[in-house]
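Here is the structure we will look at, set down as structure tokens.
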Amino acid sequence: MEAVVFVFSLLDCCALIFLSVYFIITLSDLECDYINARSCCSKLNKWIIPELIGHTVVTLLMLVSLHWFIFLLTCLLPLGIYIGSLWCQVVTWECLIQQKSTIEGS
């Protein structure tokens, strides 16, 4: 059972790393003005929920399989900080886009 848990955790972490690289590429496209802010936010926001689900699955898997130390060390504290900062960034991006749209519309 332990091998299955850790193999699934490894595959999930690989998918999360892929998403992080996609975020970096999309943000670098925004920085170079290849895409506008609205399309950048729409591209990134549609992947936020799958990313949070991936983190939650690994967290619950470690909790259910009784790997308490790994759960506390890698999932609970860093993940809570990351999700909090990610949520603040999403709200900030949406507010900035709304403000820019309001300024450009007037």
Subject >> Point-to-point label distance, Phe69-Cys32, nm (Cα→Cβ direction, 7 Å offset) >> reply: 4.5
Original post:
Could you give the length gained on full extension between Ile24 and Ser39, defined as 0.36 nm per residue of separation minus the Cα-Cα distance, in nm?
Top reply: 3.9 nm
**OP:** Report the extension gain between Leu11 and Ile81 in nm, rounded to one decimal, defined as 0.36 nm multiplied by the number of residues separating them, less their alpha carbon distance.
**Re:** 23.0 nm
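Within the accessible area of region 6-45, what % is carbon and sulfur when the probe is 1.4 Å and the other protein chains stay in place?
72
The values are calculated or read from the model by the stated rules, or taken from the named source; none is laboratory data. In this text the structure is predicted, and so the values were computed from the model without any measurement. Cβ atoms come from the backbone with ideal geometry, glycine included; neighbour counts cover every protein chain shown. These area figures cover heavy atoms from the full protein model, side chains too; ligands, DNA and RNA do not enter into them. Shrake-Rupley method; radii C 1.70, N 1.55, O 1.52, S 1.80 Å.
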